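The values are calculated or read from the model by the stated rules, or taken from the named source; none is laboratory data. Because the structure is predicted, anything quoted here is derived from the model rather than measured. Using ideal geometry, Cβ is built from the backbone for each residue, glycine included, and neighbour counts are taken over all protein chains shown.
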Amino acid sequence: MNANEQLIHKFYTAFANADAKTMCECYHTNIQFEDPAFGILKGNDVCKMWKMLIEKSRGNLKIEFSQIKADTYAGSAQWIATYNFSKTNRKVINVIQAQFQFQDDLIIKHSDYFDIWKWSKQAFGIKGLLFGWTGFMQKKIQEQALLSLKNYKK
């Protein structure tokens, strides 16, 4: 395992152990994160997001990761998050493909890709099934995620 593969492994091991501090130590100070729920986050907001998600899970978050690959500049992994969505208490099993870029031996860019419609069906039930594929619902999901982060930071 090369150094960047070890860095990805360290990041997800910390996540599995609900250790946001160690996760954030894997990030460059100019980190940029992107996913379908939060859109683009930069800098300290990325670490706040992970800390918030870990705290909201109240110890009911299971993280599994595999398929870690990396070279000097880029890497990838697959991870699965299993948890109860805080707004509805519905069980979610989210399969995520992660892409990474590295700078100064740290992660400078982290992009997570997952099926937001599949996620919304699990998180919201029939409402997610019927409307989760729409741009309107996806925008609402992102607005709510960002509002949660904004309130958490206060």
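Just a few scattered comments:
- In region 2-21, the residues that are within 17 Å of ASP71 (Cβ to Cβ) form Cβ pairs under 9 Å with partners that are basic (Lys, Arg), at six or more places apart or across chains, as follows: GLU5/LYS69; ILE8/LYS69.
- Test result for GLU25, among the acidic types (Asp, Glu) and within 21 Å of GLN101 (Cβ to Cβ): yes
- Scanning region 36-56 for residues that are surrounded by fewer than 18 Cβ atoms within 10 Å (Cβ to Cβ), touching a strand residue (DSSP E or B) at 6+ places or on another chain (Cβ under 7 Å) and within 11 Å of LEU146 (Cβ to Cβ) gives a single hit, ILE40.
- Which listed residue is more than 17 Å from the chain's Cα centre (by Cα), of a type in the set (A, V, I, L, M) and under 29 Å from GLU5 (Cβ atoms), from ALA74, ALA98, ALA81: ALA74
- Cβ-Cβ under 7 Å pairs, at least 6 apart or on other chains, region 96-121 side closer than 21 Å to TRP133 by Cβ and touching a residue at least 12 places away in the same chain (Cβ under 8 Å), far side surrounded by fewer than 20 Cβ atoms within 10 Å (Cβ to Cβ) and among the aromatic types (Phe, Trp, Tyr): ILE96/TYR113; ILE96/PHE114; GLN97/TYR113; TRP117/TRP133
- Of the residues making up region 42-66, those that are within 20 Å of TRP119 (Cβ to Cβ), modelled with pLDDT of 95 or more and part of a strand (DSSP E or B) are LYS62, ILE63, GLU64, PHE65, SER66.
- Matching entry among ALA81, ALA145 (being of a type in the set (A, V, I, L, M, F, W, C), out of contact with any Leu (no Cβ under 8 Å at 6 or more places or on another chain) and surrounded by 14 or more Cβ atoms within 10 Å (Cβ to Cβ)): ALA145
- Per the listing PHE102, PHE136, PHE114, the residue uniquely modelled with pLDDT under 95 and either in contact with a Leu (Cβ under 6 Å, 6 or more places away or on another chain) or not hydroxyl-bearing (Ser, Thr, Tyr) (or both) is PHE136.
- Residue match in region 79-86 (condition: among the small types (Gly, Ala, Ser) and part of a helix (DSSP H, G or I)): no
This table checks each residue for (1) part of a loop (DSSP other than H, G, I, E, B); (2) within 18 Å of PHE33 (Cβ to Cβ); (3) small (Gly, Ala, Ser).
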site	(1), (2), (3)
VAL92	no, no, no
ALA98	no, yes, yes
HIS110	no, yes, no
LYS118	no, no, no
ALA123	no, no, yes
MET137	no, no, no
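Conditions (1) of a type in the set (A, V, I, L, M); (2) within 27 Å of ASN17 (Cβ to Cβ); (3) under 15 Å from the mean Cα position of the chain (by Cα), marked per residue:
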{"position": "ASP104", "(1), (2), (3)": "no, yes, no"}
{"position": "SER111", "(1), (2), (3)": "no, yes, yes"}
{"position": "TRP133", "(1), (2), (3)": "no, no, no"}
{"position": "PHE136", "(1), (2), (3)": "no, no, no"}
{"position": "GLN142", "(1), (2), (3)": "no, no, yes"}
{"position": "SER148", "(1), (2), (3)": "no, yes, yes"}
